[in-house]
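**Q** So that we are looking at the same thing, I have put the structure below in structure tokens.
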Amino acid sequence: MTREEKGEIIEKLSEKFSQNAHFYITDASGLTVEQINAFRKICFKAGVEYGVYKNTLIRKALEKQEGNYEDLFKVLHGFSGVIFSKEVGNAPAKVINEYRAKLEGKPAFKGASIESALFIGEENLKTLTELKSKNELIGEVVSLLQSPAKNVLSALLSGKNTVAGLVKALEDRKQ
């Protein structure tokens, strides 16, 4: 690979890192080409993009980004692949778990950046799968805000005959 080709790859990778708020770094060593292609298909179906890159190219592309990725540099060894996700931070973690159900323990999770928060190490993968997306959190907040109003409305509507009867009884009492 020539220096110009490496420069182009670094620029493309740097652009992907800046366009995607969430990315995961995996270790797919020991997987065959067929297995990697099957993993790519699962990623595509989930709306995320997977690519295998040289560690030095990943590092140089990350160095061009704002933020501190020093901890991620420590996991850049061996066979590294990057999963990019634009909107949903937990989608790559779910894809990794789904594929692991077929192949035990592969691909291995090295680290992730979710909205510039770093998660390093295999022990964080379970946490990332349970992480809720921004839209899920907004939905929960909206439903929590609507709940008291719905309860009041349902109480008023279910007892409308009782409330109307009480009002009529009070009216009759005054006369």
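The values are calculated or read from the model by the stated rules, or taken from the named source; none is laboratory data. This structure is a prediction, so every number in the text was calculated from the model and none was measured. Note that we place each Cβ from the backbone using ideal geometry, even for glycine, and neighbour counts take in every protein chain shown.
**Q** If only one of Glu98, Glu34 is free of Cβ contacts under 8 Å to residues at least 24 places away in the same chain and in a helix (DSSP H, G or I), which one is it?
**A** Glu34
**Q** Scan the range 60-75 and tell me whether some residue there is among the basic types (Lys, Arg), in a helix (DSSP H, G or I) and in the same structural domain as Ala117 (by TED's automatic domain parsing). Spell out how you get there, then give the answer.
**A** Step one: list which residues in the range 60-75 are among the basic types (Lys, Arg), which gives 60, 64, 74.
Filter once more, so that each one left must be in a helix (DSSP H, G or I): 60.
So of that shortlist, the ones also in the same structural domain as Ala117 (by TED's automatic domain parsing) come out as 60.
Yes: the range 60-75 contains one or more residues that are among the basic types (Lys, Arg), in a helix (DSSP H, G or I) and in the same structural domain as Ala117 (by TED's automatic domain parsing).
**Q** Looking only at the range 1-31, count every residue that is without any contact (Cβ under 8 Å) to a residue 24 or more places away in the chain and among the hydroxyl-bearing types (Ser, Thr, Tyr) and tell me the total.
**A** Number satisfying all stated conditions: 1.
**Q** Consider Ser133 carefully, then state whether it is under 23 Å from Ser14 (Cα atoms), of a type in the set (Ser, Thr, Tyr) and under 19 Å from the mean Cα position of the chain (by Cα). So that I can check it myself, show each step before the final result.
**A** Numbers: under 23 Å from Ser14 (Cα atoms): no; of a type in the set (Ser, Thr, Tyr): yes; under 19 Å from the mean Cα position of the chain (by Cα): yes.
Judged against the criteria, Ser133 is not a match.
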